[in-house]
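Structure, as structure tokens:
The values are calculated or read from the model by the stated rules, or taken from the named source; none is laboratory data. The structure presented is a predicted model; accordingly, all values stated were derived computationally and were not measured. No Cβ is skipped: glycine too gets one built from the backbone with ideal geometry, and neighbour counts run over all protein chains shown.
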């Protein structure tokens, strides 16, 4: 299970670094949608400090949620976050290629609908923000859902089913 925590830590650190670099490199007015005004208190904070705050937020919130999910999984003796003997292709390369393929298909479909409807289509962030957004969304979603929410639901369902099973035994 130490390998599982190691992989989780790597993804958490990569997520925090991407968040830090995004805020450090890309101006805040490019990240925030144009219809939202940035408070002057926020815009006066140096990008280095904002980047560190963003990375710290990622490590704190996603780290705690991931560790809570890890605890749920350990309590229930659930399977690991990834299959250790499957190799990097099974848990990194193929999901990444599938995600890229689906992203390309969705962009093509959006463009076809935009042409058919004579509109601009859905708003997309400009490059390189689009790649960074996809990376952070993918890593954050995996930590949140695979590590925390699935473990939480398994824990809750286990408690409920275990409680109901005891009640049925005592009733008979």
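General remarks:
- Yes/no for residue 146 being surrounded by fewer than 11 Cβ atoms within 10 Å (Cβ to Cβ), within 19 Å of residue 6 (Cβ to Cβ) and at pLDDT below 85: no
- Test: residue in region 156-163 that is surrounded by 11 or more Cβ atoms within 10 Å (Cβ to Cβ), within 21 Å of the chain's Cα centre (by Cα), in a helix (DSSP H, G or I) and modelled with pLDDT of 80 or more: no
- Count - residues of region 107-137 that are surrounded by 14 or more Cβ atoms within 10 Å (Cβ to Cβ) and assigned to a loop (DSSP other than H, G, I, E, B): 2
- Residue within region 76-92 that is surrounded by 14 or more Cβ atoms within 10 Å (Cβ to Cβ), more than 14 Å from the chain's Cα centre (by Cα) and closer than 27 Å to residue 23 by Cβ present: no
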